[in-house]
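Inspection log for the structure reproduced underneath, given as structure tokens.
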Amino acid sequence: MMQIFKSIPENMEANLYLPSMGTITQTHNLTKKEKWFEIQMPETHSFSYNPGQFVEVSLFGVGEAPISITSAMKNPGLFEMTIRDVGVLTEKIHALNSGDLIGIRGPFGNGFDLKKFKGKDVLIVAGGIGLVPIRSLIHTILNDRKSYGRLIILYGTKSSQDLLYKSELDQWETHPGIEFQMTVDQPSPDWHGIVGVITTLIPSVTLDLENTVAAIVGPPVMYKFVLLSLLTKGLSDENIYLSLERRMKCGVGKCGHCQINHSLVCQDGPVYHYPELKKLQEALK
């Protein structure tokens with residue numbers, strides 16, 4: 001029988017299955033569906049993370065779900081997440097406010113390998129709620145801006161009402177260290193920007209193909225077309241990374257829900273180097 005369970009890192013054994021209680025320190029609504037939370041973990045809980053990782057968020061008696069970390073690692077034990085209201089658990093989480101406690105397991109998974117990004121131009125392609133997990137990488141780069149080349153951010157949503165982090169988007173548009181473009185599929189009467197799917201933005205972007213690393217996060221249907229557009233421009237497989245954050249469930253490689261052939265997304269991902277992902281796809285044929 002194929003062994004699919006991975007070894008457990010020693011520093012995760014203490015809190016692998018048992019949630020620690022984090023305190024909600026700040027919240028605010030981003031859209032009608034998305035709410036932003038800042039969480040402070042207790043001092044007794046060792047909590048550090050890399051951009052692209054996720055946590056398991058729980059309310060006792062209600063349930064648990066994997067949620068992406070959306071902040072850069074800065075202060076020990078402090079992190080941010082943005083949650084979309086899509087069911088019973090997320091509805092009850094949305095009802096929480098500052099001072100309330102919430103169960104946190106993790107962080108889990110492999111994030112972006114910053115060693116592969118430093119010294120390079122970085123192209124971010126985010127679709128819809130994909131901006132949530134990729135925001136941690138964006139903030140990490142901005143916090144250490146001199147270690148990276150150009151920062152190009154392409155962001156697309158269905159409508160202007162779905163835009164996340166609107167105040168940040170305004171800052172990115174005028175930030176001297178960011179080349180930022182965004183588009184919407186379905187414009188409202190007050191929308192005066194670009195209209196079209198996310199790939200509408202790619203042809204106009206000039207890339208140093210030998211020195212550009214791309215990070216892509218979004219709905220599954222987006223990946224095929226974004227990859228085709230980038231490869232058509234001449235970007236190599238070796239310079240592309242993708243996050244499959246939508247596939248996780250237990251977070252510890254036990255349920256098999258996220259298994260792709262011999263790989264477990266919750267442990268080998270959610271961030272994959274595109275050549276690795278191609279091998280997994282070919283093995284499924």
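Going through (1) in contact with a Phe, Trp or Tyr (Cβ under 9 Å, 6 or more places away or on another chain); (2) farther than 18 Å from Pro51 by Cβ; (3) of a type outside the set (Val, Ile, Thr) one by one, Gln161 falls short only on (1).
Checked against the criterion of being at pLDDT below 95, not assigned by TED's automatic domain parsing to the domain that holds Thr82 and not hydroxyl-bearing (Ser, Thr, Tyr), the candidates Gly156, Gly149, Gly128, Gly119 yield just one match: Gly128. For the stretch 206-228, the set of residues classified as in a helix (DSSP H, G or I) and either surrounded by 17 or more Cβ atoms within 10 Å (Cβ to Cβ) or among the aromatic types (Phe, Trp, Tyr) (or both) consists of Met222, Tyr223, Phe225, Val226, Leu227, listed by residue number.
Taking the conditions (1) in contact with a Lys or Arg (Cβ under 6 Å, 6 or more places away or on another chain); (2) touching a residue at least 24 places away in the same chain (Cβ under 8 Å) in turn, Ser236 satisfies each one other than (1). Pairs meeting the criteria (first residue in the stretch 23-52 and of a type in the set (Val, Ile, Thr) and part of a loop (DSSP other than H, G, I, E, B), second residue at pLDDT 95 or above and buried (at least 16 other Cβ atoms within 10 Å of the Cβ), beta carbons under 7 Å, at least 6 apart or on different chains) are Thr31/Leu164. Within the stretch 232-250, the residues that satisfy the criterion of being surrounded by 21 or more Cβ atoms within 10 Å (Cβ to Cβ) and modelled with pLDDT under 85 are Glu245, Met248.
Taking every residue in the stretch 240-261 that is in contact (Cβ under 8 Å) with a residue 60 or more places away in the chain and pairing it with any residue that is assigned to a helix (DSSP H, G or I) and surrounded by fewer than 18 Cβ atoms within 10 Å (Cβ to Cβ), at least 6 positions away or on another chain, the pairs with Cβ-Cβ distances below 8 Å are Tyr241/Lys116.
So, in the stretch 164-186, how many residues would count as being of a type outside the set (Ser, Thr, Tyr) and in contact with a helix residue (DSSP H, G or I) (Cβ under 7 Å, 6 or more places away or on another chain)? If you could, list the steps in order and put the result at the bottom.
Step one: list which residues in the stretch 164-186 are of a type outside the set (Ser, Thr, Tyr), which gives 164, 166, 168-173, 175-182, 184-186.
Subset that is in contact with a helix residue (DSSP H, G or I) (Cβ under 7 Å, 6 or more places away or on another chain): 164, 177-178, 180-182, 184.
Number satisfying all stated conditions: 7.
Among the conditions (1) touching a Pro at 6+ places or on another chain (Cβ under 7 Å); (2) at pLDDT below 80, the only one that Val55 does not satisfy is (2).
Evaluate the stretch 189-200: report whether one residue or more is among the hydroxyl-bearing types (Ser, Thr, Tyr) and over 17 Å from the mean Cα position of the chain (by Cα). Among the residues of the stretch 189-200, at least one is among the hydroxyl-bearing types (Ser, Thr, Tyr) and over 17 Å from the mean Cα position of the chain (by Cα), which makes the answer yes. Scanning the stretch 46-74 for residues that are more than 19 Å from the chain's Cα centre (by Cα) and more than 17 Å from Asp100 (Cβ to Cβ) returns a single hit, Ser46.
Residue count for the stretch 56-69 satisfying the condition of being of a type in the set (A, V, I, L, M) and in contact (Cβ under 8 Å) with a residue 60 or more places away in the chain: 1.
Test Ala95 against the stated conditions and say whether it is modelled with pLDDT of 95 or more and either of a type in the set (Asp, Glu) or not assigned by TED's automatic domain parsing to the domain that holds Thr199 (or both). Yes, satisfied. Scanning the stretch 149-174 for residues that are hydroxyl-bearing (Ser, Thr, Tyr) and out of contact with any Gly (no Cβ under 7 Å at 6 or more places or on another chain) returns Tyr155, Ser159, Ser160, Tyr165, Ser167, Thr174. With the requirement that a residue be surrounded by fewer than 12 Cβ atoms within 10 Å (Cβ to Cβ), of a type in the set (A, V, I, L, M, F, W, C) and at pLDDT 75 or above, what does the stretch 4-46 give you? If the condition is that a residue be surrounded by fewer than 12 Cβ atoms within 10 Å (Cβ to Cβ), of a type in the set (A, V, I, L, M, F, W, C) and at pLDDT 75 or above, then Leu18 is the only one that fits.
The values are calculated or read from the model by the stated rules, or taken from the named source; none is laboratory data. Model, not experiment: these values are computed from the prediction. All Cβ positions, glycine included, derive from the backbone under ideal geometry; neighbour counts span all protein chains shown.
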